[in-house]
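> Have a look at this one before I ask anything.
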Amino acid sequence: MTKKKNSPFKFAVIITLLLFAVLTALVIVNDKKSETNTDTSFETQPSIEGQPTLGETDAPVTVVEFGDFKCPACKAWGETIFPQLVEEFVNTGKVKFSYVNVLFHGDESKLGSVAAEAIYKQKPDSYWEFHKNLFKEQPETDHDSLWITMDKIKNIAASIPGIDLEKLEDEMQSQSVINNVNKDEMLVSEFKVQQTPSIMVNGTMLSNPFDYEQIKILINKELEDSE
Ligand code: CA
């Protein structure tokens, strides 16, 4: 009698425990996946129209960096992964590379981005030099301290031959430069950028931007597909 009365309850407990076990297992499987490869595929790739772009315009594969001048990992990426990518794929005409601004660190991110876009507007060929030199100025430690200032920007710009500093200041206020920064923010939201740097090879966002082997695998696959 007692046994009969308890059964439905016992059954419910067992089912609940089983469900819990299955859900736990699923979570563990998901976690393991994210440790290996969870590159995200998008149906489209970011438009690089109006973006500073390094390499041949008809290079078959496009790599886009979503970066922030205030972000230490972006500085590290630019100094370690980027040179390999340029040597192996950009200089050989296989990849064109574009940089899209991300403003995750607030006012300084914005100031750096506006300045870089204004340099690009004034003298597109000098963009990458400014880009590299601005990252070079990022402090190795205490990168949260204020360092992207108008003075810093003018110093860097003054070291680049052919840059008109007055024009730079004017164009940093111009609507076309502001529009370019806004356009980048739209791409950041369109491609759900959560971290900087985020690296996309055509329509695929890498889960680990520092995994150069994986970047190579993705580029080579896209190169094969483009043949
Ligand atoms: Ca841009």
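> Please name which of Asn37, Gly93, Gly106 has its Cα lying farthest along the dipole of the chain towards the positive end, using unit charges on Cβ (Lys, Arg +1; Asp, Glu -1) and the Cα centre as origin.
Going by the Cα projections, it comes out as Asn37.
> Please work out the Cα center distance from region 199-227 to region 138-178, rounded to the nearest Å.
32
> What fraction, in whole percent, of alpha-carbon pairs in region 67-196 exceed 22 Å separation?
36
> Hey, another quick one. Normalised by the residues of the chain, what does the relative contact order come to in percent, with Cα pairs under 8 Å and at least six apart?
On the way: 258 pairs, mean separation 68.3, N = 227.
Relative CO of the chain lands at 30 percent.
> Multiply the residue gap between Lys136 and Asp211 by 0.36 nm, knock off their C-alpha separation, and tell me the result in nm, one decimal place.
Details: separation 75, 0.36 × 75 = 27.00 nm, distance 2.23 nm.
Contour length minus the Cα-Cα distance gives 24.8 nm.
> For the pair Glu227 and Glu88, how long in nm is the line joining their label points, each one 7 Å along Cα→Cβ?
Here the answer is 1.8 nm between the modelled labels.
> Between Ala73 and Phe20, what is the label-point separation in nm under the 7 Å Cα-to-beta-carbon projection?
3.5
> Could you sort 138-148, 162-172 so that the peptide with the highest average Cβ count within 10 Å comes first and the rest follow in order?
On the way: 138-148: 11.5, 162-172: 14.5.
So the order, starting with the most tightly packed, is 162-172, 138-148.
> Please report, to one decimal in angstroms, the Kirkwood hydrodynamic radius of the chain built from all distinct Cα-Cα pairs.
On the way: mean 1/r = 0.0502 Å⁻¹.
With all distinct Cα pairs of the chain included, I get 19.9 Å.
> Suppose R0 equals 30 Å. What FRET efficiency, 1/(1 + (r/R0)^6) with r the Cβ-Cβ distance, do Leu146 and Lys192 give to the nearest 0.05? Working shown, then result.
Details: r = 29 Å, r/R0 = 0.98.
The pair Leu146/Lys192 has a calculated efficiency of 0.55.
> While we're here: Find the Rg to Rh ratio for region 146-207, where Rh is the Kirkwood radius over alpha-carbon pairs and Rg uses the same atoms.
Numbers: Rg = 15.7 Å, Rh = 14.3 Å.
Here Rg/Rh amounts to 1.10.
> Now for a different question. How large is the helix-only mean residue ellipticity at 222 nm for the chain, computed as the sum of -39500 (n - 2.57) over DSSP H runs with n ≥ 4, divided by its residue count, in deg cm²/dmol to the nearest 500?
Working: 8 runs with 123 residues, N = 227.
Only helices count here, giving -18000 deg cm²/dmol.
> Using θ = phi - 60° and the Karplus relation 6.51 cos²θ - 1.76 cosθ + 1.60, list the HN-Hα couplings for region 173-181 in order, rounded to whole Hz, with x at every Gly or Pro.
9, 6, 4, 5, 5, 4, 4, 5, 5
All of the numbers you see were taken from the coordinates with simple rules; none came from a lab. If you're wondering where the values come from, they're calculated on a predicted model, not measured in any experiment. Here Cβ is always computed from backbone atoms with ideal geometry, including for glycine, and neighbour counts include all displayed protein chains.
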